[in-house]
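Notes follow the structure.
The values are calculated or read from the model by the stated rules, or taken from the named source; none is laboratory data. On a predicted model such as this, the values are computed, not experimentally measured, just so you know. We work out accessible area using only protein heavy atoms, side chains counted, and drop any ligands, DNA or RNA first. Shrake-Rupley method; radii C 1.70, N 1.55, O 1.52, S 1.80 Å.
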Amino acid sequence: MVLSVSGVVLLGIIVFLFFRKDGLKPSHAIVCGLFGFYLAGTAVAPSIRAGGQSLASLLGGLSL
């Protein structure tokens with residue numbers, strides 16, 4: 001778990017720097033994908049999933 005969390009923190013910082021400095025390139029997209037896979041293995045994954053489902057239901061309920 002400690003290795004997974006430190007991996008998430010490291011990849012999160014890298015993703016943030018890619019967005020701020022260079023824009024998103026194909027190699028950066030791979031790092032973002034790895035970040036997502038590592039993040040899915042942490043204890044915050046259920047909270048993120050629930051937040052995403054709540055946002056999707058909110059957006060689905062909007063009528064334009």
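For V9 and I48, the difference between the fully extended length at 0.36 nm per residue and the C-alpha to C-alpha distance is 12.5 nm. Ligands, DNA and RNA left out, the 1.4 Å accessible surface of the stretch 3-64 is 72% carbon and sulfur atoms. Only helices enter this figure: runs of n ≥ 4 DSSP H residues, each worth -39500 (n - 2.57), summed and divided by the residues of the chain, yield -25000 deg cm²/dmol at 222 nm to the nearest 500. Think of a 1.4 Å ball rolled over the protein heavy atoms: the chain then has 77 Å² of accessible area per residue. Out of every Cα-Cα pair in the chain, what percent are more than 18 Å apart? Here the long-distance tail beyond 18 Å is 50 percent of all Cα pairs in the chain.
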